[in-house]
Amino acid sequence: QVQLVESGGGLAQPGGSLRLSCVASSSIFRFYFAAWYRQAPGKQREWVGGITRDGVPSYADAAKGRFTISRDNAKNTVWLQMSSLKPDDTAVYYCYVSTGGDGSWGQGTQVTVSS
């Protein structure tokens, strides 16, 4: 497993943007699929999107066209660029890396979209 630290959450207005970062503690990060999940109050955790070790992204329908996932293996970092934010995007966002077994999870970062 690797330790993952997310940052970049906060308060955004509807229509605004935020960029989340997730930094892994080990360079083995570069060998694994990475993903972002989110969990809104009272709801189950849901997949937002992911990116292969070679940088090919995929997205949930709710994220398509608004969110962009990218990574830099040299920096052990994966990003989630969010734009055109909606109040429904309010959630705790988690970084995940598929390091085997249950994988590795970050501690989460709160994103609140409100006017």
Discussion item. In Å², and per residue, what accessible area does the chain have when probed at 1.4 Å with the other protein chains present?
Written reply: 51 Å²
Practice prompt. Take the Cα gyration tensor of the chain, multiply each eigenvalue by 5, square-root it, and list the three semi-axes largest first, rounded to whole angstrom.
Written response: 23, 14, 12
Practice prompt. Once you have the Cα-Cα distance between A74 and W105, take 0.36 nm times their residue separation minus that, and quote the gain in nm to one decimal.
Written response: 9.2 nm
Worksheet item: Can you list the lysines whose alpha carbon is less than 21 Å from that of K75, not counting same-chain residues fewer than 8 positions off?
Response: none
Worksheet entry | Calculated FRET efficiency for the pair F31/A60, C-beta based, R₀ 30 Å, to 0.05 | 0.80
Discussion item. Sort 30-42, 86-98, 6-18 by packing, meaning the average of other beta carbons within 10 Å per residue, with the highest value first.
Written reply: 86-98, 30-42, 6-18
Practice prompt. Kindly list the residues of the stretch 9-35 that lie in the label zone of D88, defined by a backbone N under 17 Å from the point 7 Å along the Cα-to-C-beta vector.
Written response: 14-16
Response to the item:
For K64, the lysines lying under 20 Å Cα to Cα, once residues fewer than eight places off in the same chain are dropped, come out as K86
Worksheet, complete the sentence: Length gained, S114-R19, 0.36 nm per residue minus C-alpha separation, equals 32.6 nm
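What percentage of the solvent-accessible surface of the stretch 1-105, computed with a 1.4 Å probe over protein heavy atoms, is contributed by carbon and sulfur atoms?
Taking all protein chains in place, the stretch 1-105 shows 48 percent carbon and sulfur surface.
The values are calculated or read from the model by the stated rules, or taken from the named source; none is laboratory data. Quantities reported herein were computed from a predicted structural model and do not represent experimental measurements. We place every Cβ from the backbone using ideal geometry, glycine too, and count neighbours over all the protein chains shown. Just so you know, the surface numbers come from the protein's heavy atoms only, side chains and all, with ligands and any DNA or RNA stripped out. Shrake-Rupley method; radii C 1.70, N 1.55, O 1.52, S 1.80 Å.
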